[in-house]
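In what follows, a single structure is set out as structure tokens and then discussed.
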Amino acid sequence: MRSSHISSNLIAQRSSSRVRLPAWFSFLLIALLVFCVEATPAQKSAPAGIPPGSDDLEARVAAAEAARSTRDPAKVAAANRLVIAASLRELAKLKLLESDYAQSIQLYRDSLAYEETPSAHAELGFAEFQAGHLDKAIEQGNLAHAADPGNIAVDRLLASALDQNGEYAKAVEPFGRIAKAQPAIDNLYPLAECLLQIKTPEARQRANAVFEQMKETAGESGSLHVLMGRAYRDGGDINSAIREFRRAIAIDSHTPHAHYFLGLAQLFANDWKPTPAIEEDLKKEIENYPNDYLANYMLGVTTSGERKYDDSDKYLAAASRINPDSPDPYLYLGMNAFAEEKMDLAEAMMRRAIEKTGTDEARTNYQIRRAYVDMARILGQSGRMEESKIYAAKARELQNKTMIETQRKVSRMMADSGGSMGAAVVPLGKDQENQAAPAVSDKDNPLAHSRMTEEQLDAVRKRASAVQGALALAFNDLATSLAIQQRYTDALADYKRAEHWNATMPGLEKNLGLCAFRAKDYPEAARALSLAMQAGEDSPGVRGMLGLSCFATDNYADAARAFEPLGERGMKDGEIGYAWAASLAHIGETKKASEVLRAFESEPRSNDVLLLVGQLWTETGDFARAIATFESALKSDPALPRAHFYEGLAYLRWEHWPEAAAQFKNELSLFPGELDAMYHLGFVDQQQSKVDEALALYLKVIAADPDYANAQYEAGKIFEDRGQYGDAATHLEIAARLTPEKDYIHYQLQAAYRKLSRSADADRELAVYKDIKAKSRKRVADALQQKP
């Protein structure tokens, strides 16, 4: 059945090929994407429990619960991956409703790692489109189309993105598929618009054929010819546009916006210079529709240019009443008042124009700069010089942006029109024209329903909270299935994702901490297990792993606190006992450390563990016990690597020099190249005044390893004591480079430099020494202040 009238809203709100779609179209498109995408092969292979082709989150959750009861890790993982994919997509949709495009895009992208479907690519493409990322929207649209060629919703996405990206020739194909599948006016018109943008005879001929099809579909009407006129105008064919607008008026002189668009087209053809005939067309539009914003605004602008300020103010006031959120009428009202020297009124209007413009300064080629120019003058004339300077600076900033934008537009206009252009009147841009409020009544305006109410937003948030709960549980179950398979690193990543979505899930922090411990991520294990204990998960196993994680990250005080309640059982544990004693030793609680260590040593230990125990006895200052432990290990294995060395260190700390030297020599007899034993033997010789023997050993260590900093330092000191300051400086310089944080090296080096009369170098090293000492004193003072 033919329609005799095309909706006035379609004419006014129809997005042109070079502007973003209005908000109502966004909601329509997402609805199509959500509800009209057919089942895909990936969806059809869903596990048992999910109906074929179903993307319903609740159904997938039920299937995951059923998989959990099987205790089959593979089935649990597969079912929960589908829950995750559906949850992420639903959260992405909810974020899109809140206009949080960045989050929506990220969530869609994350979902593709768990399930890749044409609908997911399409929805991601739409989110990219809404965010203005046209190239990415096209990329996703192409992926969706390749997998599901018959999907009209995907074609709508592709067509819109290509069209707005200026790729008109490519956009024709998806526009054509839409029009062929659903040959309604709303689908035929964008195809014709796009064809006219190509600007070739062949494309124009095809556009004309589409217009004929529209006439056959809807019948002749003024509104249809207005649509056709706008398409011709936007395609650069102004004569055809004027012909169509006149045809619309001939059919019905009350066709909405016909007189306005005819007047606007004639303005363009007349280099934007108004004539009485043009103004008469605009007045005719207002006569037919007094609340037409576009006609009132444009008449206000043209009469302002003719200095008919009373007439201009009347029309501009009407425009500001019809659309009080638009800054443009206030700008011209202010300019009129300024021209008539009504400075108070001019200032009020200019301030309102600036306020309404907000961050949209680029609208209509930065014309808001005029407000800043006039405001600077008004403020300067009234003595408010500081404020005037601020507005003048802003005016200059916008003027620079205007020049850049004008250069771009001039280039385009020269290319499109062969050099003909004018600038007497600056009309609204197409985006402002499309977003104005020319509808006959608000009830017919789709934009009036594009914003969600607080109640609707609350419903969105509640749904998002429920989905996040399902998502966290799915990540937790997926992680558990991976942990069962000993894939701890992968499991840990999923436990963290579960925590991100619901950190209060019972048992989650314990699971995360245990998995992190097994994955050897001790900082994460310590964090999560601490939280688990705060939540009541206080078991010996959790305490033990928390303490070991703290010990592994050098948090010795926290480790000791975690171990304390474990008592004797913890002291005798093969891992915990040693870590507990070592932690106590590190924080200076040697008495308690000895108690734990004795309990630990009461159980049989391997030789490797005995070496650790012996070193710990050395740290606590019980040198006799340390030596006895090393001797016990050597009795079991006389050639045990490092046993003599560690025993030598115990004697050294005890200042039993001959015994220490004997142990280091024993180590070297077993392992001749052992540099640590060689260095420490030299140190013992030095303590016994065997300086030549000590220096020989230090130089031997340096020959084998020039980066052995302690040997370089000790050799440098000996050379300095002998008055060989050049050799001393050489070794001390290397030591300072290798360990720049050691203050005593810099002090020794500065002394050598002074003996060599290198005063500047000596002063530099002395300054470094003093700086390190000052920082060290500050650290000690800060630590003392922090103690209870």
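The values are calculated or read from the model by the stated rules, or taken from the named source; none is laboratory data. Predicted, not measured: the structure shown is a model, and the values here were computed from it. Counting neighbours? That spans all protein chains shown, and the Cβs are built from the backbone with ideal geometry, glycine included. Each accessible area value is taken on the protein alone, full model and side chains, heavy atoms only, with ligands, DNA and RNA left out. Shrake-Rupley method; radii C 1.70, N 1.55, O 1.52, S 1.80 Å.
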Point to revise | Any hit, segment 170-185, residues being open to solvent by 10 Å² or more (accessible area, probe 1.4 Å), touching a residue at least 60 places away in the same chain (Cβ under 8 Å) and under 30 Å from Ser221 (Cα atoms) | key: yes
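Of all the residues that make up segment 229-245, how many are surrounded by fewer than 18 Cβ atoms within 10 Å (Cβ to Cβ), assigned to a helix (DSSP H, G or I) and not β-branched (Val, Ile, Thr)?
Total meeting the criteria: 3.
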Check your understanding: What pairs can you find where one residue is in segment 319-334 and on the phi < 0 side of the Ramachandran plot, the other is of a type in the set (Phe, Trp, Tyr) and open to solvent by 10 Å² or more (accessible area, probe 1.4 Å), and their Cβ atoms are less than 8 Å apart, with a gap of 6+ or different chains?
Key -> Ser320/Tyr330
Exercise for review: For segment 157-169, name all the residues that are open to solvent by less than 40 Å² (accessible area, probe 1.4 Å) and either among the polar types (S, T, N, Q) or within 22 Å of Glu216 (Cα to Cα) (or both).
Suggested key: Ser160, Gln164
Practice item. Mind listing just one residue for me: the one in segment 188-214 that is of a type in the set (D, E, K, R) and in contact with a helix residue (DSSP H, G or I) (Cβ under 7 Å, 6 or more places away or on another chain) and, of those, surrounded by the most Cβ atoms within 10 Å (Cβ to Cβ)? Key: Glu193
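Among the candidates Arg722, Arg754, Arg764, which residue alone is exposed (fewer than 13 other Cβ atoms within 10 Å of the Cβ) and either of a type in the set (D, E, K, R) or on the phi > 0 side of the Ramachandran plot (or both)? Working first, answer last.
Details: Arg754 fails: exposed (fewer than 13 other Cβ atoms within 10 Å of the Cβ); Arg764 fails: exposed (fewer than 13 other Cβ atoms within 10 Å of the Cβ).
The unique qualifying residue is Arg722.
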Exercise for review: Report, by residue number, each residue of segment 119-151 that is more than 24 Å from the chain's Cα centre (by Cα), over 24 Å from Glu98 (Cβ atoms), open to solvent by less than 30 Å² (accessible area, probe 1.4 Å) and not charged (D, E, K, R).
Suggested key: Asn151
Practice item. Using the structure shown, decide if Thr359 is outside any helix (DSSP H, G or I) and surrounded by fewer than 22 Cβ atoms within 10 Å (Cβ to Cβ). Key: yes
Point to revise | Pairs, first under 13 Å from Met375 (Cβ atoms) and polar (S, T, N, Q) in segment 385-399, second open to solvent by less than 60 Å² (accessible area, probe 1.4 Å) and at pLDDT 90 or above, C-beta under 9 Å, six or more apart | key: Ser388/Met375; Ser388/Ala376; Ser388/Ile378; Ser388/Leu379; Ser388/Gly380
Exercise for review: Within segment 691-708, work out how many residues are surrounded by fewer than 19 Cβ atoms within 10 Å (Cβ to Cβ) and either modelled with pLDDT under 95 or assigned to a helix (DSSP H, G or I) (or both).
Suggested key: 8
Practice item. Output the residue which, of all residues in segment 366-399 that are hydroxyl-bearing (Ser, Thr, Tyr) and touching a helix residue (DSSP H, G or I) at 6+ places or on another chain (Cβ under 7 Å), is modelled with the lowest pLDDT. Key: Tyr366
Review point. Could we say that Leu640 is within 30 Å of Thr730 (Cα to Cα) and either aliphatic (A, V, I, L, M) or not in a helix (DSSP H, G or I) (or both) here?
Key: no
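Kindly indicate whether Tyr297 is buried (at least 22 other Cβ atoms within 10 Å of the Cβ), under 47 Å from the mean Cα position of the chain (by Cα), closer than 23 Å to His254 by Cα and of a type in the set (Ser, Thr, Tyr). If you could, list the steps in order and put the result at the bottom.
Numbers: buried (at least 22 other Cβ atoms within 10 Å of the Cβ): yes; under 47 Å from the mean Cα position of the chain (by Cα): yes; closer than 23 Å to His254 by Cα: yes; of a type in the set (Ser, Thr, Tyr): yes.
Yes: the conditions hold for Tyr297.
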Check your understanding: Taking segment 246-272, which residues are open to solvent by 30 Å² or more (accessible area, probe 1.4 Å) and not in a loop (DSSP other than H, G, I, E, B)?
Key -> Arg246, Arg247, Ile249, Ala250, Ile251, Gln266, Phe268, Ala269
Point to revise | Sole residue being in a helix (DSSP H, G or I) and either touching a strand residue (DSSP E or B) at 6+ places or on another chain (Cβ under 7 Å) or modelled with pLDDT of 80 or more (or both), chosen from Lys443, Lys409, Lys462 | key: Lys462
Review point. So which residues in segment 320-346 are within 13 Å of Leu379 (Cα to Cα) and open to solvent by less than 30 Å² (accessible area, probe 1.4 Å)?
Key: Ala346
